[in-house]
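The values are calculated or read from the model by the stated rules, or taken from the named source; none is laboratory data. Treat the numbers as computed from the prediction; the structure is a model and nothing was measured. Backbone-built Cβ (ideal geometry, glycine too); neighbour counts: all protein chains shown.
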Amino acid sequence: MSDAQREEAANYRRLQRYPKHSPPHFDSDLECTYILTAGCYEHVSVIGKSIERITEFERDLLTVIAAVTSTLYAWCVLPNHYRVLIRTSKLKEIRKGLGLLHGKTAFVWNGEDKARGRKVWHNCFERKMRSEGHFYASLNYVNHNPVHHGYVQKWEDWAWSSGGEYLERVGRENAIKAWKEYPILDYGKNWDIF
């Protein structure tokens, strides 16, 4: 972008009252499907410092999501970020619950790590599914995340995701068919461009 284009974009964001350095949140009372993701500040592996920590966080995350979600399609918790694919009409409530979870975990983990004042979380972002193809590519992306980041070779080998459950539910043949029909390709690049 040129300097003039950057200034125009910044002015537009200001006029729309969008956040200065993150994608805006769009709330709706309609039931829709979203992929949500949040990461640790500067990609530091705070969630995955120990097996106990990542396991407890996964449990707490799924509890928050289950409280206000009609359907949880997929999830993945990695050492420095997480993703969930959900259907809900209460997106604002989910973000509030996640904000409380982030605040609680940051406080506890900073105490455990003797790192008071450390910034643990960096934003939470949601993207509404726009089509069946977008949904299935997102489903594949969430389940494939531990493989993509090199933690495991197979979906079912990562303990903190829905990949293994998904394979059991739909069967390997159907999962492979969905993988070929809805490839992830460069999914996730420029995620904040809309």
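Conditions (1) surrounded by fewer than 16 Cβ atoms within 10 Å (Cβ to Cβ); (2) in contact with a strand residue (DSSP E or B) (Cβ under 8 Å, 6 or more places away or on another chain), marked per residue:
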| residue | (1), (2) |
| --- | --- |
| Lys90 | no, no |
| Glu93 | yes, no |
| Ala106 | no, yes |
| Gly117 | yes, no |
| Arg127 | no, yes |
| Phe135 | no, yes |
| Ser161 | no, yes |
| Glu168 | yes, no |
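Quick one: which of Pro146, Pro79 is within 17 Å of the chain's Cα centre (by Cα), of a type outside the set (S, T, N, Q) and assigned to a loop (DSSP other than H, G, I, E, B)? If you could, list the steps in order and put the result at the bottom.
Values: Pro146 fails: assigned to a loop (DSSP other than H, G, I, E, B).
Criteria check complete, one pass: Pro79.
Which one is surrounded by the fewest Cβ atoms within 10 Å (Cβ to Cβ), of the residues in the stretch 45-63 that are under 16 Å from the mean Cα position of the chain (by Cα) and not in a helix (DSSP H, G or I)?
Initial filter on the stretch 45-63 (under 16 Å from the mean Cα position of the chain (by Cα)): 45-48, 54, 57-63.
Applying the additional criterion that residues be not in a helix (DSSP H, G or I) yields 45-46.
On the way: Ser45: 12, Val46: 25.
Filtering first and then ranking leaves Ser45.
Among the residues of the stretch 82-91, is any more than 13 Å from the chain's Cα centre (by Cα), at pLDDT 95 or above, farther than 29 Å from Gly150 by Cα and small (Gly, Ala, Ser)?
No, there is no match, as no residue in the stretch 82-91 is more than 13 Å from the chain's Cα centre (by Cα), at pLDDT 95 or above, farther than 29 Å from Gly150 by Cα and small (Gly, Ala, Ser).
Cβ-Cβ under 7 Å, sequence separation 6+ or interchain: first residue in the stretch 117-129 and within 13 Å of Tyr41 (Cα to Cα), partner part of a loop (DSSP other than H, G, I, E, B). Which pairs?
These pairs meet every condition: Val120/Val46; Asn123/Ser22.
Can we say Val152 is over 14 Å from the mean Cα position of the chain (by Cα), at pLDDT 95 or above and either β-branched (Val, Ile, Thr) or within 28 Å of Leu30 (Cα to Cα) (or both)? Full working, then the answer.
On the way: over 14 Å from the mean Cα position of the chain (by Cα): yes; at pLDDT 95 or above: yes; either β-branched (Val, Ile, Thr) or within 28 Å of Leu30 (Cα to Cα) (or both): yes.
Against the criterion (over 14 Å from the mean Cα position of the chain (by Cα), at pLDDT 95 or above and either β-branched (Val, Ile, Thr) or within 28 Å of Leu30 (Cα to Cα) (or both)), Val152 qualifies.
Among the residues of the stretch 178-188, are any small (Gly, Ala, Ser), surrounded by fewer than 19 Cβ atoms within 10 Å (Cβ to Cβ), closer than 25 Å to Ile54 by Cβ and within 16 Å of the chain's Cα centre (by Cα)? Steps first, please.
Going through the stretch 178-188, the residues small (Gly, Ala, Ser) turn out to be 178, 188.
After this cut, where a residue has to be surrounded by fewer than 19 Cβ atoms within 10 Å (Cβ to Cβ) as well, the list is 178, 188.
Narrowing the set further to residues that are closer than 25 Å to Ile54 by Cβ leaves 188.
Then keep just the ones that are within 16 Å of the chain's Cα centre (by Cα); that gives 188.
So far as the stretch 178-188 goes, yes, one or more of its residues are small (Gly, Ala, Ser), surrounded by fewer than 19 Cβ atoms within 10 Å (Cβ to Cβ), closer than 25 Å to Ile54 by Cβ and within 16 Å of the chain's Cα centre (by Cα).
Report yes if some residue within the stretch 127-142 is of a type in the set (Lys, Arg), at negative phi and at pLDDT 95 or above; otherwise report no. If you could, list the steps in order and put the result at the bottom.
Taking the stretch 127-142 as the starting set, the residues that turn out to be of a type in the set (Lys, Arg) are 127-128, 130.
Those still in the list that are at negative phi too: 127-128, 130.
Still in the list and also at pLDDT 95 or above: none.
There is no residue in the stretch 127-142 that is of a type in the set (Lys, Arg), at negative phi and at pLDDT 95 or above.
Picking from Arg169, Arg127, which residue would you name as being out of contact with any Gly (no Cβ under 6 Å at 6 or more places or on another chain), in a strand (DSSP E or B) and within 18 Å of Thr71 (Cβ to Cβ)? Full working, then the answer.
Working: Arg169 fails: in a strand (DSSP E or B).
From the options Arg169, Arg127, the qualifying one is Arg127.
Would you check if Glu165 is of a type in the set (D, E, K, R) and in contact with a Leu (Cβ under 8 Å, 6 or more places away or on another chain)? Spell out the reasoning first.
On the way: of a type in the set (D, E, K, R): yes; in contact with a Leu (Cβ under 8 Å, 6 or more places away or on another chain): no.
Judged against the criteria, Glu165 is not a match.
For the stretch 47-103, enumerate the residues that are among the hydroxyl-bearing types (Ser, Thr, Tyr), in contact with a Cys (Cβ under 8 Å, 6 or more places away or on another chain) and in contact (Cβ under 8 Å) with a residue 60 or more places away in the chain. Let's see the steps before the verdict.
Of the residues in the stretch 47-103, the ones among the hydroxyl-bearing types (Ser, Thr, Tyr) are 50, 55, 63, 69-71, 73, 82, 88-89.
Among the residues that remain, those that are also in contact with a Cys (Cβ under 8 Å, 6 or more places away or on another chain) are: 82, 88-89.
The answer is Ser89, and nothing else.
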